Amino acid sequence: MRIFIAFEGSFEPFDVSTDKTVEAVKLMIKDYFHIPLSEDEQGRRYLELTYAGAALKDSWSLADVGISFCSTLKCFVKEEDKPTLCVFNAVTQETMAIREDISLLGTTLRLDVWDGWKEFLMGCLLGQKLQVQRYLSNEGPVLKYQKRVALYIAAFYGYIELTEWALKQGVRPHETVGVHPYRAWCQEALHTDVSKCPIHAAAEAGQLLILKAFVNCSVLCLDCKNAAGQTPLTIACKHKHKDCVLYLLSKMWSTVSFLKISVSMRIYIKIKQWVLRAQSHNLNKGQLCGARVLGAKVGDVVMVDGFTKPKMTSKSWQKAMDKDSQGGIESKLPPLREQTVSRKLACPLAVAQQDTREEIVRFPPLVDANTFSELQKRQQSQKKTTATTRKKEKLIKNTYMPQVPLPPISRVGYSHPSFYYATPSADFLLRSSFASFSEHSGRTPRQNAIYCLAVASAFKEKRWLQQLGIARVLAKKSISNLTTQGGLTACENPPEIVL
């Protein structure tokens, strides 16, 4: 098979076989063009092949990704400096490399979040409103802070449904996100980014629909400033979002008409800000000190570094709730029955009426020691199987689900059409093939489909049906590799399934 390689203005043909890997093709290009490659402590210099807009990995085969006769591959020489610092995100399980001209130790930092917030933040990052609602806190101040965080993330990524829900919950788009209530006592040591608002995030990311929703909610968003004194219009101009700039300009230079007068939007915003300040001043007059209370109050939870046990270890929601329930509820033993017996002996007539109301204490039946040990072994094996399955599903979901938004598994209790197999043993063979595939590959058929679709989605210049074809070829290739290695011996000829 002849393919063409485009490299630095030249266009050269190469004769390769269809089973060649991308790594073998790179070696051919390196020897043909005499390209010096290196890898040392400072960084590395390597080749990259692209096809249909996607970078090809070294382990891929040419036929698996749809490279056919007379296809053209682009080759680039890339230089990559090793990062001076790496930051591991405990929520997304990703490592971010930082490359700066500074002298650091070259280590990896771990970015942890508040205990019980991991599932909530993943729901915000994926725009899943139901998951966000499920993992909200029961504490009032923390709940308000979580809603502000959810609106900020939804504004940055452009999630309309999550934005509408947060606005209906009373979150204001021109309100600063702030800091966690447990840290409200340290106002002077806060970072400047905590003063950013959801409207600033939407302007920075160029989310025009979110900007329109925020301005329709409150016109005060037009004059909302961050710590650097920048308005949403200034931020949109800085990041060169033309549509957002035009929309914000049209709103800023519009007029507001009343019954007998019309004022510009700037004057209307100033009047509204003055009215809100007057209302807040009247509300604060009724307080004890006559001024607005900032920071933590008496009775609030306060986290002091070095003195209190940290609550930012990225624990899951379930573990955090179990820990809180164990620490908050004191275990109390039932009252002793000996007191009732002694009272009966002393005065049997006085307690005759109480005996009818008392509940009879019943103990569970005795279990044989062998039976009990067998039950314990079964429970332990079930827990291990469940933990392994959840770990694999979580890994596949965190890695590939943001790239391939597949529909969730249906749990509706309606009956599906029955399957009739051509042979009596077809059901057994099909089940054994699935079990053998999961055992040797480490993924279930659904997880393997998600993985193949995620790989094929990298070819952005191809249509969706062509990407689906690439995913099917990759899936067949993975099954055939297991068959060649002796993994799927129980089902060499898959049964015919007839609906």
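The values are calculated or read from the model by the stated rules, or taken from the named source; none is laboratory data. Keep in mind it's a predicted model, so treat the numbers as computed, not measured. Glycine also receives a Cβ, built like all others from the backbone with ideal geometry; neighbour counts cover every protein chain displayed. Calculation scope for accessible area: heavy atoms of the full protein, side chains included, ligands and nucleic acids excluded. Shrake-Rupley method; radii C 1.70, N 1.55, O 1.52, S 1.80 Å.
Going down the list K26/K238; K118/K168; K147/K297, which pairs span over 29 Å between their C-alpha atoms? Among K26/K238; K118/K168; K147/K297, the Cα-Cα distance tops 29 Å for K26/K238. For the stretch 26-33, backbone phi angles converted through the Karplus equation (6.51, -1.76, 1.60; θ = phi - 60°) give residue-by-residue couplings of 5, 5, 5, 5, 4, 6, 6, 9 Hz, Gly and Pro being listed as x. What pairs from K20/K74; K309/K383; K78/K242 go past 24 Å between their alpha carbons? Check vs 24 Å cut-off fails for K309/K383; K78/K242.
What does the charge count around A54 come to, taking other residues whose C-beta lies under 12 Å from its C-beta (Lys +1, Arg +1, Asp -1, Glu -1)? Charge balance in the 12 Å sphere: +2. Of the trypsin sites (Lys or Arg not before Pro) found in the stretch 97-179, the ones in coil according to DSSP and having at most 15 other Cβ atoms within 10 Å of their Cβ are R99.
Each of the peptides 461-472, 207-218 was scored by the mean count of other Cβ atoms within 10 Å over its residues; in descending order, highest first, they stand as 207-218, 461-472. For the stretch 70-134, with all protein chains in place and a probe radius of 1.4 Å, 51% of the accessible heavy-atom surface sits on carbon or sulfur. When the surface is traced with a 1.4 Å probe over the full set of protein chains, Y159 keeps roughly 60 Å² accessible.
Rolling a 1.4 Å probe across the protein heavy atoms gives the stretch 1-136 an accessible surface of 58 Å² per residue. Taking a ≥ b ≥ c as the square roots of the eigenvalues of the Cα gyration tensor, the stretch 54-138 is classed as oblate, since a/c reaches at least 1.5 and a/b does not exceed b/c. Scaled against the 2.2 N^0.38 Å expected of a compact globular protein of N residues, the Cα radius of gyration of the stretch 1-153 reads 1.55. A full extension of the chain between D15 and M28 corresponds to an added length of 3.7 nm, given 0.36 nm per residue minus the alpha carbon distance. Between E161 and H239, the contour length at 0.36 nm per residue exceeds the Cα-Cα span by 25.6 nm. Near L109, the amide H atoms lying under 5 Å from its own belong to C86, V87, F88; only residues 5 or more places off or on other chains count, and H is placed 1.01 Å from N. Using a/c under 1.5 as the rounded threshold, could you call the stretch 21-102 rounded, prolate or oblate? The axes a ≥ b ≥ c are square roots of the C-alpha gyration tensor eigenvalues, and prolate needs a/b larger than b/c, oblate otherwise. Oblate, since a/c reaches 1.5 and b/c is not below a/b. Within the stretch 40-96, the chymotrypsin sites (Phe, Trp or Tyr not before Pro) that combine a DSSP coil assignment with at most 10 other C-beta atoms in a 10 angstrom radius are F69. If the chain linking T72 and E461 were pulled fully straight, counting 0.36 nm for each residue of separation and taking away their Cα-Cα distance, it would gain 138.7 nm. Amide hydrogen proximity for C186: with H placed 1.01 Å from N in the peptide plane, no residue at 5 or more positions away or on another chain lies under 5 Å. Remark: spin-label model distance S381-T108 equals 3.6 nm, labels positioned 7 Å along the Cα→Cβ axis. Overall form of the stretch 129-253: oblate. Here a/c, set by the Cα gyration tensor axes a ≥ b ≥ c, is 1.5 or more, and a/b is not larger than b/c. For the stretch 298-315, putting each phi into the Karplus relation 6.51 cos²θ - 1.76 cosθ + 1.60 with θ = phi - 60° gives couplings of 5, x, 6, 6, 10, 9, 10, 4, x, 10, 10, 5, x, 10, 10, 10, 6, 6 Hz, in residue order, rounded to whole numbers and with x for Gly and Pro.
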